[in-house]
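Written out below as structure tokens is the structure these notes cover.
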Amino acid sequence: QVQLVESGGGLVQPGGSLRLSCAASTRIFSIYDTGWYRQVPGAQREWVAIITGGGESKYAESVKGRFTISRDNAKNTVYLQMNSLKPEDTAVYYCNAVVPPLNYWGQGTQVTVSS
């Protein structure tokens, strides 16, 4: 069983930055793909970014150039650095790890971008 715990959300003004963290209970990030998703009420969960076990990162077009996904294998933690935040980035952000055949999710952390 893998537990994922997100942190780092909060209220930030447009143009500001936040860094989200996702800590895993076991050492999985250096092996398996890890992603960040987000969801607003009434909408489907949206993929934001992914970092593969090999370290390759990919981003949704809506965040490309503003968000950066990274990881610290020694700390079993994956990060999402979010810069130039926009009101439309407001959502609950979830960490996801695919450890076949299972799919793990964290509890989510709220990000609100508002003046």
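Taken together, the values in this text are just the output of simple stated rules run on the coordinates, not laboratory data. These figures come from a predicted structure and were not determined experimentally. So basically every Cβ, Gly included, is an ideal-geometry build from the backbone, and we count neighbours across all protein chains shown.
One table, with the values for the structure above:
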{"item": "Region 24-115, relative contact order in percent, only Cα pairs under 8 angstrom and at least six apart counted", "result": "29"}
{"item": "C-alpha center-to-center spacing [region 4-18, region 37-115] in angstrom", "result": "11"}
{"item": "Kirkwood hydrodynamic radius over Cα pairs of region 26-115, then Stokes diffusion coefficient at 25 °C and 0.890 mPa s, in µm²/s", "result": "181"}
{"item": "Cβ-based net charge around R71, under 13 Å, with every Lys or Arg adding one and every Asp or Glu removing one", "result": "0"}
{"item": "Estimated vicinal HN-Hα couplings, Hz - region 82-91 in sequence order (Karplus 6.51, -1.76, 1.60; Gly, Pro = x)", "result": "10, 10, 6, 5, 10, x, 6, 7, 4, 4"}
